[in-house]
Amino acid sequence: MNRALLTVDLGFGDSGKGAVVDFLTRHTQAHTVVRYNGGAQAGHRVVAPGGHEHVFSQFGSGTLAGAATHLSRFMLVEPLAMLEEARHLRALGAGEPFERTTIDARALVLTPFARAVNRLRELARGDARHGSCGMGVGETMIDFLAHGERALLAGDFADRERLRAKLAFLRAVNLAKLTEFAAALPDTPTVAQERAVLEDAAWADTLLDDYAEWSELAYVVPGDYLHTIMQRPGAVVFEAAQGVLLDEWRGFHPYTTWSTTTLANAYQLLREAGYHGAITRVGITRAYATRHGAGPLPTEELVLSAALPDARNVFGAWQQGFRVGWLDLVLLRYALAAAGPLDTLALTCLDRLAEVPAPQICRHYRDGDAQIERLAFLAGEPSLEYQEALTQQLLRCQPQLEAVDVAGLPALLARELGVPIGLLSYGAGPSAKQLVPGAGL
């Protein structure tokens, strides 16, 4: 029997996707994990049964469970970071991860030039940052939308001269972007360092040499290869990146990502692959709200951020602080509307919430005299103006909190959201996870 398990993060990211994908891979003996959105900015932490740990960025989070990885055409690949990740996986005894990884030739490639402009643009915004991982995802998408096939694709690495020509073009494009905001840049060593990436006339030989190892190891495949994967008997897990509330069209603009973080890309890939087997759609949420970086988080409490630090999400130069709030049913209802129908939910970090005295939950907001239980989801054609208005509403709303019993939280969520809870997580490793009988997994 063929089965596709589609995972989706119902928050602002950091829901525990890596651990859930690892568990589902083991539970279903999935042969492949497909990355269907996002890019090298992912940080999906997996703790294997033996205790060794890896934070997955580009390889699928089922790797330690024995699954292969397929990076779809919706993935943004960073070759140098991928080489570094492979070195860590080898050191863990996971073998050669490239041997079990296929990469769609149409996948976009993140370059140092896009990364530098991304970081410089954020520095120019000063205190008005939008929030960024600092990897160049947005700038890469801007280049692709503006220049199409002149953007760098994974398939271009097979031809060194084409690779050189595209890199030269993208360096010029990104260097020209500096004129938009150069006057707002501070005079700091960080700015000088990032500008040097764009302005170094000797970039070509160094970068091409750095890319040579990836070119030799990477198994780049034509766009129809996913059809072959989906025809193999057994299960395939589609691994999400980031979260629905960061979606480029359905998230809270401008604090969003340049990626479709709903299940739309997964559905598109299944259609293209001619897949007609079983599908299980799994929404993932922590037992409390989190956000890494700028943007609204209505239930945020500084004392909670201090009490629940994350194992791997620490303060970063680009994303900045990791923020924590109480579980927010208003945002979860909105995420469900954006994600579309789900079959089951995975509820993670229940053990962490149990550590907090007097845990709370938000069922609704106050906006002046109005009680807000749902944010109005704009069906049909999306509008950034509409999404920005939602952002302003979120920023002025006041969460109404009430006490919650951690043991009773799964039943409460299933009742409030109308989706059964299929997986409960009380810790990092697979042994700390429990399936709920009859709930779809």
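The values are calculated or read from the model by the stated rules, or taken from the named source; none is laboratory data. Just so you know, these numbers come straight off a predicted model, no measurement behind them. Note that each Cβ is placed from the backbone with ideal geometry, even for glycine, and that neighbours are counted across all protein chains shown. The accessibility values were calculated without ligands, DNA or RNA, using every heavy atom of the protein model including side chains. Shrake-Rupley method; radii C 1.70, N 1.55, O 1.52, S 1.80 Å.
Placing unit charges on the Cβ atoms only, positive for Lys and Arg and negative for Asp and Glu, gives the stretch 1-83 a dipole magnitude near 240 debye about its Cα centre.
Charges were assigned to the Cβ only: +1 to each Lys and Arg, -1 to each Asp and Glu. The resulting dipole of the stretch 111-194 about its Cα centre is roughly 120 debye. Answer with one residue from Ala403, Thr262, Leu170: the one whose Cα lies farthest towards the positive end of the charge dipole of the chain, charges on Cβ with Lys, Arg +1 and Asp, Glu -1. Positive-most Cα among the choices belongs to Ala403. Which residues does a label at Leu384 reach in the stretch 146-179, if reach means a backbone N under 14 Å from a point 7 Å past the Cα toward the Cβ? 146, by backbone N distance to the label point. Remark: the stretch 216-221, residue by residue, has Karplus-estimated 3J(HN,Hα) of 6, 8, 6, 9, 8, 10 Hz, where x stands for each Gly or Pro and the curve is 6.51 cos²θ - 1.76 cosθ + 1.60 at θ = phi - 60°.
For the chain, modelled as a GNM with alpha-carbon contacts under 10 angstrom, which of Pro189, Pro410, Pro430 fluctuates the most? Highest fluctuation among the options: Pro189. In plain terms, if you count all Cα to Cα distances in the stretch 314-407 and split them into 10 Å steps from zero, the share in each step is 13, 35, 38, 13, 0 percent. Could you give me D for the chain, from Stokes-Einstein at 25 °C and 0.890 mPa s, where the hydrodynamic radius is the Kirkwood radius over C-alpha pairs? Units µm² s⁻¹, please. Rounded to a whole number, D works out at 109 µm²/s.
For the stretch 389-400, backbone phi angles converted through the Karplus equation (6.51, -1.76, 1.60; θ = phi - 60°) give residue-by-residue couplings of 5, 4, 4, 5, 5, 4, 5, 9, 6, 10, x, 9 Hz, Gly and Pro being listed as x. Placing unit charges on the Cβ atoms of the charged side chains and taking the dipole of the chain about its Cα centre, the candidate lying farthest along the positive direction among His227, Pro357, Pro298 is His227. A 1.4 Å probe run over the protein chains yields, for the stretch 1-133, 29 Å² of accessible area per residue, whole-number rounding. Taking θ as phi - 60° and the Karplus parameters 6.51, -1.76 and 1.60, the scalar couplings of the stretch 16-29 work out to x, 4, x, 5, 5, 4, 4, 5, 5, 4, 5, 5, 9, 6 Hz in sequence order, x denoting glycine and proline. Distant-in-sequence amide contacts of Val34, defined by a placed amide H-H separation under 5 Å and a gap of 5 or more residues or a different chain, comprise His70, Val237, Phe238, Glu239. Panel values: the stretch 222-375, Kirkwood radius from alpha carbon pairs, Stokes-Einstein at 25 °C and 0.890 mPa s, translational diffusion coefficient 139 µm²/s.
The calculated FRET efficiency for the pair Asp369 and Gln268, based on their C-beta separation and a Förster distance of 35 Å, comes to about 0.20.
Taking 8 Å as the Cα distance limit and 6 or more residues as the minimum spacing, I'd like the relative contact order of the chain as a percentage.
Relative contact order here is 21 percent.
Using the rule -39500 (n - 2.57) for each DSSP H run of four or more residues, divided by the residues of the chain, the 222 nm mean residue ellipticity is -10500 deg cm²/dmol. Note on the chain: dipole from Cβ charges, positive end direction compared against Tyr36, Ile279, Ala183; the farthest Cα belongs to Ile279. The modelled label-to-label distance between Val303 and Ala337, using points 7 Å beyond Cα along the C-beta direction, is 3.2 nm. Dipole magnitude for the stretch 113-259: about 340 debye, using +1 per Lys or Arg Cβ and -1 per Asp or Glu Cβ, origin at the Cα centre.
Label sites at Ala146 and Glu355, each approximated as a point 7 angstrom past Cα along Cα to Cβ, lie 4.5 nm apart. A crude spin-label estimate for the pair Asp187 and Ala411, with each label 7 Å from Cα along the Cβ direction, gives 6.6 nm. Amide H to amide H distances under 5 Å link Arg286 with Thr348, where only residues 5 or more positions off or on other chains count and H is placed in the peptide plane.
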